[in-house]
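The values are calculated or read from the model by the stated rules, or taken from the named source; none is laboratory data. These figures come from a predicted structure and were not determined experimentally. Neighbour counts run over all protein chains shown; Cβ positions are idealised from the backbone, glycine included. What goes into the accessible areas is simple: the full protein's heavy atoms, side chains included, and nothing from ligands, DNA or RNA. Shrake-Rupley method; radii C 1.70, N 1.55, O 1.52, S 1.80 Å.
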Amino acid sequence: MSNLLKRIARWSAKTSPERIKAILEELRSTMVANMQATFPEIVALETQVKQVLDGESVATINYPFYLNFARELWRLQRQGISGDSLMREVNVLMQKWVARGLAQPVLEAIREQVFTISPPGP
């Protein structure tokens, strides 16, 4: 059997609906517990971000984009990234979202008021 056919056969075997169902059934209780622990944090975070957005008079239609920025910051903190590494990552995220049309002052407000991450030094 050629290498291509072997790859296709392996992919088909590991993606069969029965196999996927068995894997998910095995993992489901842990996944549910993780989500039950995480969702309250996310709801609290999003509430804080929405308060900042209200204070900055951001149009409601733009909320999802700012919330995505905030979730990315949250993920960095949950991964334990801190110090200079965190600052570099935050700066990259801010550049990305400004390039996508978000207002830098609003992103800075979220960074400082919600995540208490100070602006980078000179």
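Things to note:
- Percent carbon-and-sulfur accessible area, the chain, ignoring ligands, DNA and RNA, probe 1.4 Å: 57
- Theoretical FRET efficiency, 1/(1+(r/R0)^6), r = Cβ-Cβ of Asn62 and Ala22, R0 30 Å, to 0.05: 0.10
- Computed label-point distance, nm, for sites Glu108 and Lys96 using a 7 Å Cα→Cβ extension: 2.1
- Computed over protein heavy atoms with a 1.4 Å probe, the accessible surface of the chain works out to 70 Å² per residue.
- Pairwise Cα distances in the range 11-56 exceed 13 Å for 69 percent of all pairs.
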